[in-house]
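The structure appears right after this line, and notes come after that.
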Amino acid sequence: MKRQTLPVLSGLLWLGHPVTALAEDSNHTEKPIVVTATRTPQRVDETLLSATVITRQEIERQQARSMQDLLHGIAGINIANNGGPGKNTSLFLRGTESDHVLILIDGVRMGSATSGTTEIQNIPVELIERIEIVRGPRSSLYGPEAVGGVIHIFTRKGKKGLRPTFSFGGGSYGTISGSATLSGGGEQGWFNLGVSGFSTEGFNACSGSPPPNGAGCFTFEPDKDGYRNLSGSARAGYRFDNGLDIEASFIHSDGYNEFDGTFVNRSELVQQVFGGTARFSPIDRWQMTLVAGRSREDSDNFLEKTFMSRFNTRRDTVSWQNDLSLSPDQLLTIGADYLYDTVDSTSDFTETSRYNWGVFAQHQVTLAAHKLQLSLRHDDNQQFGSRVTGSVTWGYALTEQVRLAASFGNAFKAPTFNELYFPGFGNPDLKPEDARSVELSAIGRFDWANWSLNLYETRIDNLIAYDASLFAPANIDEARIRGLEAILSTQIKGWQINSNLTFLDPVNLSNGMARGNILPRRSRQSFRVDTARQFGDYVVGAMFLAEGRRYDDLQNTRTMSGYVKVDLRAEYIFNQHWRIQGRIENLFDKDYETAAFFNQPGRNYFATLRYQP
């Protein structure tokens, strides 16, 4: 996101000082800007929080075809997918729940008010400019949902000159995809228009069985479960002579998904985000930012051709932010947020709307080798009243190459409409989830490598999980999540190597029979290495991903084995405009599951032709 640079920006960035975070998925010499960690622009290697930036260049280098492809194996992220492209995909960040991750698109809050999650499988990667991932609680800046962290997606934007792009590809499982964009700009304005399509015949999503011995999806449908998606985006901005900077963005995704299920096995999906941003500096030391937008997630569900249900949700958001430069080494940020959720469904929800007001303040201070960030927020939720969250983060430059950091923060999450009111399932007595987290980090930046070590513990009170004895969601007394992330990015003899190792201990501390069990669908160990090298006009790369076993239920009775997956890729550069790419996924044809009974792709192939001047 293009931001007007404050006069004090050089005071906010510790230029020449050691790193505090790194983009493990980009070249270790790059220094991208991140705005999500503090709601103000910083170089990613200067923020005190654990953060990852995935650039457009990296998306294309990895030949990713979905958000699942892109995020699987990133430090702190576990993915659970129900049977291939387009199927329900859950993202667990640092062991927290799938609805504990706040997802933004161009500053606008995403997510379904009924399920509490964002259908990341329907977000087209070809229309994404970059992704910022910030790990750890961020409720003190963003309010509810930011328990495990924040993922901020930016759509593609324009530059000077008229520039078209084009891609077309196909491969296994009857899969084809294509995209085209047109961007341009001048001294004051810019624009980008894009369209993307994806279609696959798929494979059998679920290996379950029907009642009375039902398992998995509780049905047996040994057919191919396909998926189609057509998406479009538009983003434009203009800077006036008086310094006013405005921007508008729009992204729309239409999907059709087939899956295995007893009550529904077809869905028509719509995902849409529209937003606008205005930035203005009345005086040199004060920048105002106003962001407003609306997101939709709609689904019509069928059993074969028979209509069964509809779930349409809408989220309206308004944010007003003021960045005040108190001195070259101090920045004060104060603001207010408004969120309004509504539900329109064929199911009879007791409540169909609610609002949340929030006011926040943040103070960033640099004192010699020390850096301090303090933030505090008050939220007023229509259903659950007041919540106060805060965070304290301290960084110290131990040497010119090594920095230490420590942080504490808390967060909260209100129950979703499904958890509270879904007929025959909801529990109106649920309490909000409250979390607190502490983290210690050591970060190094050298000519030969970037690295970081992050040790953290999160405790969540009243964690909401499905209770089979009640046939409804219930509050778990407490859950404790401990984790260690080791991240390394380096270059050896021309090979760019990005790796991370994660150890996770997500334990149920409730007083019931599940006490001491591992929270479901989280792998306790994961290791990922991605490497690439260019040989003249050829580029070759590989990704190695290993994940330990996981459980599919709170009782830890259904175990999913660990697995190792290897992907290979290569590309040939015809000239500065044209290239052809090829990818072999799951080279050794490993059978594995990330959600019990739901199949994952075997060995498959895909090739793409790209034009990009």
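Yes/no matrix, rows are residues, columns are (1) open to solvent by less than 20 Å² (accessible area, probe 1.4 Å); (2) at pLDDT below 95; (3) within 19 Å of GLY84 (Cα to Cα):
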{"residue": "GLY171", "(1), (2), (3)": "no, no, yes"}
{"residue": "LEU182", "(1), (2), (3)": "no, no, no"}
{"residue": "GLY208", "(1), (2), (3)": "yes, yes, yes"}
{"residue": "ALA234", "(1), (2), (3)": "no, no, no"}
{"residue": "GLY243", "(1), (2), (3)": "yes, yes, no"}
{"residue": "THR262", "(1), (2), (3)": "no, yes, yes"}
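Each residue in the stretch 401-430 was checked for being open to solvent by 40 Å² or more (accessible area, probe 1.4 Å) and aliphatic (A, V, I, L, M), and 1 of them qualify.
Taken residue by residue, the stretch 128-144 has at least one member that is open to solvent by 10 Å² or more (accessible area, probe 1.4 Å), in contact with a Lys or Arg (Cβ under 8 Å, 6 or more places away or on another chain) and either more than 30 Å from ILE460 (Cα to Cα) or free of Cβ contacts under 8 Å to residues at least 40 places away in the same chain (or both). Quick check on the stretch 452-472: of everything there that is closer than 30 Å to GLN496 by Cα and either polar (S, T, N, Q) or modelled with pLDDT under 95 (or both), which residue is surrounded by the most Cβ atoms within 10 Å (Cβ to Cβ)? Result: SER452.
Yes/no per residue for (1) within 22 Å of GLY293 (Cβ to Cβ); (2) out of contact with any Asp or Glu (no Cβ under 9 Å at 6 or more places or on another chain); (3) touching a residue at least 40 places away in the same chain (Cβ under 8 Å); (4) of a type in the set (D, E, K, R):
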| residue | (1), (2), (3), (4) |
| --- | --- |
| SER66 | no, yes, yes, no |
| LEU70 | no, no, yes, no |
| GLY83 | no, no, yes, no |
| LYS87 | no, no, yes, yes |
| LEU93 | no, yes, yes, no |
| ASP106 | yes, no, yes, yes |
| ARG109 | yes, no, yes, yes |
| THR114 | yes, no, yes, no |
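Checking PHE574, PHE597, PHE544, PHE588 one by one, the residue that is out of contact with any Leu (no Cβ under 6 Å at 6 or more places or on another chain), on the phi > 0 side of the Ramachandran plot and either hydrophobic (A, V, I, L, M, F, W, C) or crowded, with 20+ Cβ neighbours inside 10 Å (or both) is PHE597 and no other.
Pairs are defined by a Cβ separation below 6 Å, a sequence spacing of at least 6 or placement on different chains, a first member in the stretch 505-532 that is in contact (Cβ under 8 Å) with a residue 24 or more places away in the chain, and a second member that is in a loop (DSSP other than H, G, I, E, B) and of a type in the set (Asp, Glu); the pairs so defined are PRO520/ASP552; PRO520/ASP553. When residues in the stretch 511-533 are screened for being over 29 Å from ILE476 (Cβ atoms), in contact with a Gly (Cβ under 8 Å, 6 or more places away or on another chain) and surrounded by fewer than 19 Cβ atoms within 10 Å (Cβ to Cβ), 2 of them pass. Residue check: is PHE166 at pLDDT 95 or above, over 17 Å from the mean Cα position of the chain (by Cα) and aromatic (Phe, Trp, Tyr)? Spelling it out, PHE166 is indeed at pLDDT 95 or above, over 17 Å from the mean Cα position of the chain (by Cα) and aromatic (Phe, Trp, Tyr). Within the stretch 267-282, residues that are farther than 28 Å from TYR256 by Cα have Cβ atoms under 6 Å from residues that are in a strand (DSSP E or B) and polar (S, T, N, Q) in these pairs: ARG279/THR289; SER281/GLN287, counting only partners at least 6 apart in sequence or on another chain.
In the stretch 564-580, the residues that are within 30 Å of ARG549 (Cα to Cα) and free of Cβ contacts under 8 Å to residues at least 12 places away in the same chain never reach a residue that is surrounded by fewer than 18 Cβ atoms within 10 Å (Cβ to Cβ) and polar (S, T, N, Q) with C-beta atoms less than 9 angstrom apart, at least six apart or across chains. For SER347, the conditions (1) assigned to a strand (DSSP E or B); (2) crowded, with 16+ Cβ neighbours inside 10 Å all hold with the exception of (1). Annotation: ARG482 fulfils all but one of (1) open to solvent by less than 40 Å² (accessible area, probe 1.4 Å); (2) assigned to a strand (DSSP E or B); the unmet one is (1). PHE408 meets each of the listed conditions (1) over 30 Å from SER353 (Cβ atoms); (2) free of Cβ contacts under 8 Å to residues at least 40 places away in the same chain; (3) over 23 Å from the mean Cα position of the chain (by Cα) apart from (3). Can you find, within the stretch 282-330, the residue that is least open to solvent (accessible area, probe 1.4 Å) among those that are of a type in the set (Asp, Glu) and in a strand (DSSP E or B)? Among those residues, the one meeting the criterion is ASP323. All conditions but one from (1) among the charged types (D, E, K, R); (2) at pLDDT 95 or above; (3) under 30 Å from TYR466 (Cα atoms) apply to ASP530; the one that does not is (3).
One residue alone among ILE487, ILE464 is aliphatic (A, V, I, L, M), within 25 Å of ARG43 (Cβ to Cβ) and in a strand (DSSP E or B), and that residue is ILE487.
Results for (1) farther than 28 Å from THR47 by Cα; (2) of a type in the set (A, V, I, L, M); (3) modelled with pLDDT of 95 or more, shown as yes or no for each residue.
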position: TRP394; (1), (2), (3): no, no, yes
position: ASN410; (1), (2), (3): no, no, yes
position: GLY424; (1), (2), (3): yes, no, no
position: PRO428; (1), (2), (3): yes, no, no
position: ALA442; (1), (2), (3): no, yes, yes
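One residue alone among THR393, THR389 is buried (at least 21 other Cβ atoms within 10 Å of the Cβ) and closer than 14 Å to SER441 by Cα, and that residue is THR393. Against the list (1) out of contact with any Phe, Trp or Tyr (no Cβ under 8 Å at 6 or more places or on another chain); (2) open to solvent by 20 Å² or more (accessible area, probe 1.4 Å); (3) more than 15 Å from SER66 (Cα to Cα), the condition LYS157 fails is (1).
The values are calculated or read from the model by the stated rules, or taken from the named source; none is laboratory data. Since the model is a prediction, treat every value here as computed from it, not as a measurement. Every residue, glycine among them, receives a Cβ derived from its backbone with ideal geometry; neighbour counts consider all protein chains shown. To get the accessible areas, we keep the full protein, side chains included, count just its heavy atoms, and leave off ligands, DNA and RNA. Shrake-Rupley method; radii C 1.70, N 1.55, O 1.52, S 1.80 Å.
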